[in-house]
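Engineer: One structure, pasted below without further comment.
No lab work stands behind these numbers, since they all come straight from the coordinates. No experiment lies behind these values; they were computed from the predicted model shown. Every residue, glycine among them, receives a Cβ derived from its backbone with ideal geometry; neighbour counts consider all protein chains shown.
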Amino acid sequence: MKSLTLIAVSSLFLIFAALCFPQAASKTQTSPQKAGAPAGDSAAPVQPKGVEEDAIPPVAPNALFPAVVARVDGKPILGRELEQAVRSQLAEIGSPEWKSLREDYRGELTLQLLDSLINSKLLYQKATASGVKATDAEVQAAMGEITKNFKSDAEMNIALAAQQTDRASLEKNLSQNVVISKYVNETITKKIEVTPDEMAKYYSSHVTEFQHPDIVRTSHILIQPAGDTAEQDTLAKQRAEALLARVKKGEDFARLARENSMDGSASQGGDIGFLAKDSLTPEYAEAAFALPVGGVQLVKTQYGYHIIKVTEKKKEGLSTIEEVKEQLTAFLKNQKVQADLTKLVNQLRNEAKIDILIPAGPPLR
């Protein structure tokens, strides 16, 4: 089953490395219960006046957390939101049973993800107060980026259910994610620039980071079978062979990739950039490094059928600053975005009233 990390955690604002935000502790309150304790271990938290009880969904019998785990300026963060984030993280390590994990790990994970949810809530409130909204088209586009990773609606629904969520909750999270992203882009990202001097300084002081082995740049069109049967595999292979024939006749590879490829590189015309041999699956690597520049080939891997096109090759050596200009600019800009975003989140936390209703220890540093 595919992991829904992008759904449950990343959709809570992708989270701009929210787990790494320094936190302001002055206005956070906690209760004495053990971190990560199941909902049944204690009574549900008392609702403050003015909050409608029927707005809080009931706790499921097997829920990990109480109905409400925290409040940000009176607005609840639901236990099921935290559980969805927890299960998404655990999916990355094989979805182990919650009770089988070490107590200190459960507590640390609970606190990390709860802090991320608080940060997202604060950013969302700030963004909506500034008049930022998400359009239906934007939400559906984000939804489409997730659904294309699944072979069928049924497979996606199973993955959603495994993480205690559904499509309606997913769309709500994605809508919030769009709002926050638009706000951060307008107020922070667009205002940040990286100067040539900053790039030169970083490059000269981190030369070893730009050493590389033999690398190859490829584009690909991935065609995945619709299921696990031999017939479905044959149909996928036939479709890939038909696309390969069109490529060999001179049709534009990037356009065919955008229209047909079944992975995230489709939006880049199939381009996956420069990669070393050990960064690729064995079958893909063998073909990519054997083909000449401009060569194309159909290869099958565990992911499906790939129509590979080699666009560039480089021998082991040192990349020049011009060769890495685009990536270095993006890296340094992201560093600045992270720094400004951290300042914003800390400011919002200092101004907010944050009540943590489950014991999770002091806020992370």
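Engineer: Each residue of the range 339-345 in order: what ³J(HN,Hα) in whole Hz does its phi give by Karplus 6.51 cos²θ - 1.76 cosθ + 1.60, θ = phi - 60°, with x for Gly and Pro?
Structural biologist: For the range 339-345, the Karplus curve yields 5, 5, 5, 4, 4, 4, 5 Hz.
Engineer: Can you check what the net charge comes to around Glu193, using other residues whose Cβ is under 11 Å from the Cβ of Glu193 (Lys, Arg +1; Asp, Glu -1)?
Structural biologist: For residues surrounding Glu193, the net value is +3.
Engineer: Now, a different point. Could you list the residues of the range 145-180 with an amide nitrogen less than 19 Å from a label point located 7 Å from the Cα of Thr229 in the Cα-to-C-beta direction?
Structural biologist: Inside the label zone: 151-156.
Engineer: Kindly provide the pair-distance distribution of the range 129-236 built from C-alpha pairs, with 5 Å bins from 0 and whole-percent values in order of increasing distance.
Structural biologist: Cα pair-distance distribution for the range 129-236, in percent: 2, 8, 11, 11, 11, 11, 13, 13, 11, 6, 2, 0.
Engineer: What is the gain in length, in nm to one decimal, between Thr147 and Phe210 on full extension, counting 0.36 nm per residue of separation less the C-alpha to C-alpha distance?
Structural biologist: Gain on stretching Thr147 to Phe210: 19.1 nm.
Engineer: Let a ≥ b ≥ c be the square roots of the eigenvalues of the Cα gyration tensor of the range 190-308; is it rounded (a/c under 1.5), or, if not, prolate (a/b larger than b/c) or oblate?
Structural biologist: In terms of gyration-tensor shape, prolate.
Engineer: Can you order the peptides 309-318, 161-170 by their average number of other Cβ atoms within 10 Å per residue, highest first?
Structural biologist: Packing order, densest peptide first, comes out as 161-170, 309-318.
Engineer: Pop a pseudo-label 7 angstrom from the Cα along the beta-carbon direction at both Arg239 and Ala161 and give the gap in nm to one decimal.
Structural biologist: Each label point lies 7 Å from its Cα, and together they span 2.5 nm.
Engineer: Can you give me the distance in nm between label points at Glu312 and Lys277, each placed 7 Å from the Cα along the Cα-to-Cβ direction?
Structural biologist: 2.2
Engineer: What list do you get for His212, His306 if you sort them by fewest beta carbons within 10 Å?
Structural biologist: His212, His306
Engineer: Using only alpha carbon pairs under 8 Å that are at least six residues apart, calculate the relative contact order of the range 214-315 and give it in whole percent.
Structural biologist: 43
Engineer: Quick one: Karplus J couplings for the range 70-80, per residue in order, coefficients 6.51, -1.76, 1.60, θ = phi - 60°, nearest Hz, x for Gly and Pro?
Structural biologist: Those phi angles translate into 6, 10, 10, 6, x, 8, x, 10, 7, x, 5 Hz.
Engineer: Quick one: compute a quarter of the convex hull surface over the Cα atoms of the range 243-358 and quote it in nm².
Structural biologist: Computed as one quarter of the Cα hull surface, the answer is 12.4 nm².
Engineer: Amide H to amide H under 5 Å from Ala70: which residues, 5+ apart in sequence or cross-chain, H placed 1.01 Å off N in plane?
Structural biologist: Distant-sequence amide H within range of Ala70: Ile77, Leu357.
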